[in-house]
């Protein structure tokens, strides 16, 4: 008798035995990032991720997932600078090639567009970074002990 047959006889079900299954929640990377980009909880996709403009909630109101230990401090602004900088600079250079405008006209057009687009994209990008960290179990999202530093081999001081 195989292990599968023994499991089937013992439980009375037709489900195959899964050895080594930890019972953890599946955390697909793409889905978690997309939920974060929509400013939703990366765990359930329903609860709000932010309580203020850039302040994430401590726990999800829908599923209760902890969000207080994220560390998305510097990456979202860098990503916004890279994306918006390339788009704004490309737009500036293309309009400069097509129309002969003064530098003041370019400044009047591109400075507000750059600032507005950066403000509109910073929150979804920060949500996407939080979703990335949740999916990869980074910075406390993997339920590791926060009072233990594995790099030092001892407690956090």
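The values are calculated or read from the model by the stated rules, or taken from the named source; none is laboratory data. It should be emphasised that the depicted structure is a prediction, and the values quoted were computed from it without experimental measurement. Cβ placement follows ideal geometry from the backbone for every residue including glycine, while neighbour counts extend to all protein chains displayed.
Summary table below
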quantity: Filter result for residue 84 (in a helix (DSSP H, G or I), buried (at least 19 other Cβ atoms within 10 Å of the Cβ) and at pLDDT 95 or above); calculated: yes
quantity: Condition met for residue 115 (assigned to a helix (DSSP H, G or I) and surrounded by 14 or more Cβ atoms within 10 Å (Cβ to Cβ)); calculated: no
quantity: Number of the exception - residue 74 against (1) surrounded by 10 or more Cβ atoms within 10 Å (Cβ to Cβ); (2) within 16 Å of residue 118 (Cβ to Cβ); calculated: (1)
quantity: Qualifying position, being modelled with pLDDT under 90 and either assigned to a helix (DSSP H, G or I) or surrounded by 11 or more Cβ atoms within 10 Å (Cβ to Cβ) (or both), among 137, 126; calculated: 137
